[in-house]
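Enquirer: One structure coming up, written as structure tokens, with questions to follow.
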Amino acid sequence: MPDEKFDCIVVGAGLAGLAAAYQMATDGLQVLVVEKAKVPGQKNVSGGRMYSHALAKLIPRFWEEAPVERAVTREGVTFMTRESAFSIDFESKKLGDLHNSYNVLRTKFDAWFSEKVAARGAMIIPGARIDRLHIEDGQVKGVIAGSDKLLADSVVLAEGANPLLAEQAGLKPPLKPHQTAVGVKEVIKLGADVINDRFRLGMDEGMAQVFVGAPTSGLPGGGFLYTNRDSVSLGIVMPIDSAMGFEHARDKRRQVPELVEDFRTHPYLAKLLRGGEVVEYSAHMVPEGGYRQVPKVLAHNGALLTGDSAGFVINAGLTFRGMDLAIESGRIAGVAVKRAKDKGDFTRGGLKEYERLLKQSFVLKDMKRFRNAPGFLSNPRMYTTYPEMISDLFETLFTVDGEKHLSRKEVRQVLMRHVSPVTLAMDALKGVRSL
């Protein structure tokens, strides 16, 4: 093995790395995938919803054979205070018919994907820790694992949100707290019939729901819920600088794990999750800096940055995307390596095709489109003022005592107790501009 030279070594068997390896193996390249987990997918964590379009390019109608959980047909947005919840609910069978998105559990899904990659001819070595990149004369020519030197014409870096090899080699600046979030997730087993009844779902239909306000105790971030086949994925994501500054927040007693506990036992969720058993608990770093966090140079001499390693994550408030961006960036990296091999040029000049293809793809187009979202989502009023305002408004509207007759003026006064009309209009405008 150490004497063998590959066309490409892929570091990381997440979705970006597996997509790159699948594409290259399909094109007949000699590919080695090295993964630090004992089983591909074992260390991979995400909230749980994957938009289908990217993987469908590689494996058409993959959902017919992949271990997907449920097709998402219901979408929900819920503004929470500690005592109340206001939800916007959208349901459409068409979303399922279009195979728009599926809830997945990465442990099962990535293991299946790695088998597909191996079947294409790529070699996968799990349980392999890579110490550093092997660089000669400024050109990445492989990786170093302990005393072993593994050689390749190119290396695809798909390390995930904490790309230590790329940072160590100076290919990417270190992450900063304000660009990074921490996600904590519980998988709660309920049973398929219970999920169908409580979430008003048909067989194989799924729900994706985001929460704003109370889940993060009024700090930036939010909660999520995804229905799996017989379990529910529930968690929160919040910027690390918010989590680090938590002792300065108004609720000084709570730490991030305790927030998840509070979220799960909120009156709104407690009824839905009654009798459930927490069978899995995980935490994960999430790059949330958006378009401005993406390195200007993604193709280096002998190396490409993909997926979370490149910062390809979009948090647009209502939608949170990372998996489809990871898969497409990996696929494009595979195409670029094949073209570099055809030219016999694995320098930055030969691999720069990767950056050109990314700019033409939805990856960088959508990253750029939502470039203002991180700024909008850092507005503290999103997590305190507006959930409380909505709760106050609807409690007032729905309270009937036979004496008060709510006038338009009184409704306006309820709103102005929380925010001025000018501030409300400005925040609404920023929200529209961030879309």
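The values are calculated or read from the model by the stated rules, or taken from the named source; none is laboratory data. The structure displayed is predicted, hence computed values, not measured ones. Glycine also receives a Cβ, built like all others from the backbone with ideal geometry; neighbour counts cover every protein chain displayed. Accessible surface is based on the protein model in full, side chains and every heavy atom, while ligands, DNA and RNA are left aside. Shrake-Rupley method; radii C 1.70, N 1.55, O 1.52, S 1.80 Å.
Enquirer: Looking only at 118, 326, 303, which one moves most when the chain is put into a Gaussian network model with springs between Cα atoms under 10 Å?
Expert: 118
Enquirer: Going by accessible area, probe 1.4 Å, with all protein chains left in place, what is the ranking of 285, 24, 389, largest first?
Expert: Working: 285 60, 24 0, 389 20 Å².
Ranked list, largest accessible area first: 285, 389, 24.
Enquirer: How much of residue 266 can a 1.4 Å solvent probe reach, expressed as accessible area in Å² and rounded to 10?
Expert: Accessible area of residue 266: about 20 Å².
Enquirer: Please work out how much length the chain gains when fully extended from residue 39 to residue 178, using 0.36 nm per residue of separation minus the C-alpha to C-alpha distance, in nm with one decimal.
Expert: Value of the extension gain: 46.9 nm.
Enquirer: Please say if the chain is rounded, prolate or oblate, where rounded means a/c under 1.5 for a ≥ b ≥ c the square roots of the C-alpha gyration tensor eigenvalues, and otherwise the choice is prolate for a/b larger than b/c and oblate otherwise?
Expert: Working: a/c = 2.22, a/b = 1.81, b/c = 1.22.
Because a/c hits 1.5 or more and a/b exceeds b/c, the chain counts as prolate.
Enquirer: Under the rule of at least 5 residues apart or a separate chain, name every residue whose amide H is placed under 5 Å from the amide H of residue 142.
Expert: Correct list: 134, 152.
Enquirer: Among the listed pairs 176/352; 5/43; 141/172; 172/352, which are separated by more than 24 Å between their Cα atoms?
Expert: 176/352; 5/43
Enquirer: What distance in nm separates the two pseudo spin-label positions at residue 285 and residue 342, each 7 Å out from Cα along the beta-carbon direction?
Expert: It works out to 3.7 nm between the two label points.
Enquirer: Another one. When only the heavy atoms of the protein chains count and the probe is 1.4 Å, how do 61, 321 rank by accessible area, highest first? Before the final figure, lay out each step's value.
Expert: Details: 61 120, 321 30 Å².
Ranked list, largest accessible area first: 61, 321.
Enquirer: Moving on. Through the Karplus equation 6.51 cos²θ - 1.76 cosθ + 1.60, θ set to phi - 60°, convert the phi angles of region 50-64 into ³J(HN,Hα) values in whole Hz; use x for Gly and Pro.
Expert: Result, ordered by residue: 10, 6, 7, 4, 5, 5, 5, 5, 7, 10, x, 6, 4, 4, 6 Hz.
Enquirer: Could you compute the FRET efficiency for residue 189 and residue 111, with r as their C-beta to C-beta distance and R0 at 22 Å, rounded to 0.05? Provide the component values of the computation, followed by the final result.
Expert: Details: r = 19 Å, r/R0 = 0.88.
My answer for the efficiency is 0.70.
Enquirer: Can you compute the modelled spin-label distance between residue 411 and residue 428, with each label point 7 Å from Cα toward Cβ, in nm?
Expert: Those two pseudo-labels are separated by 1.3 nm.
Enquirer: Note the full-extension length gain between residue 144 and residue 132 as 0.36 nm times their separation in residues minus their Cα-Cα distance, in nm to one decimal.
Expert: 3.8 nm
Enquirer: How far apart, in nm, are the 7 Å Cα→Cβ label points at residue 274 and residue 56?
Expert: The two pseudo-label positions are separated by 3.9 nm.
Enquirer: Another question, then. For 120, 417, 106, 264, write out the residues from largest to smallest accessible area, computed with a 1.4 angstrom probe and no ligands counted. Display every interim value, and only then the final one.
Expert: On the way: 120 110, 417 150, 106 25, 264 50 Å².
The ordering from most to least exposed comes out as 417, 120, 264, 106.
Enquirer: So what is the relative contact order for the chain, in percent, with contacts set as C-alpha pairs under 8 Å and at least six apart?
Expert: It comes to 20 percent, rounded to a whole number.
Enquirer: Expressed as a rounded percentage, what relative contact order does region 323-380 have, with Cα pairs under 8 Å and six or more residues apart?
Expert: Relative CO of region 323-380 lands at 30 percent.
Enquirer: How many angstrom separate the Cα center of region 358-435 from the Cα center of region 165-197?
Expert: Rounded to whole Å, the Cα centres lie 26 Å apart.
Enquirer: Shifting gears a bit: Let me make sure I get this right: for region 370-421, a, b and c are the square roots of the gyration tensor eigenvalues over alpha carbons, sorted descending. Under 1.5 in a/c it's rounded, otherwise prolate if a/b > b/c, else oblate. Which is it?
Expert: On the way: a/c = 3.81, a/b = 2.78, b/c = 1.37.
Prolate, because a/c is 1.5 or more and a/b exceeds b/c.
Enquirer: For region 1-138, what's the relative contact order in percent, using C-alpha pairs closer than 8 Å and at least 6 residues apart?
Expert: 35
Enquirer: Compute the accessible area per residue over region 33-188, keeping the other protein chains in place, probe 1.4 Å, unit Å².
Expert: For region 33-188, the per-residue accessible area is 45 Å².
Enquirer: Hey, another quick one. Between residue 125 and residue 397, how high is the FRET efficiency from 1/(1 + (r/R0)^6) when r is the Cβ-Cβ distance and R₀ = 51 Å? Nearest 0.05.
Expert: That pair, residue 125 with residue 397, gives E of 0.25.
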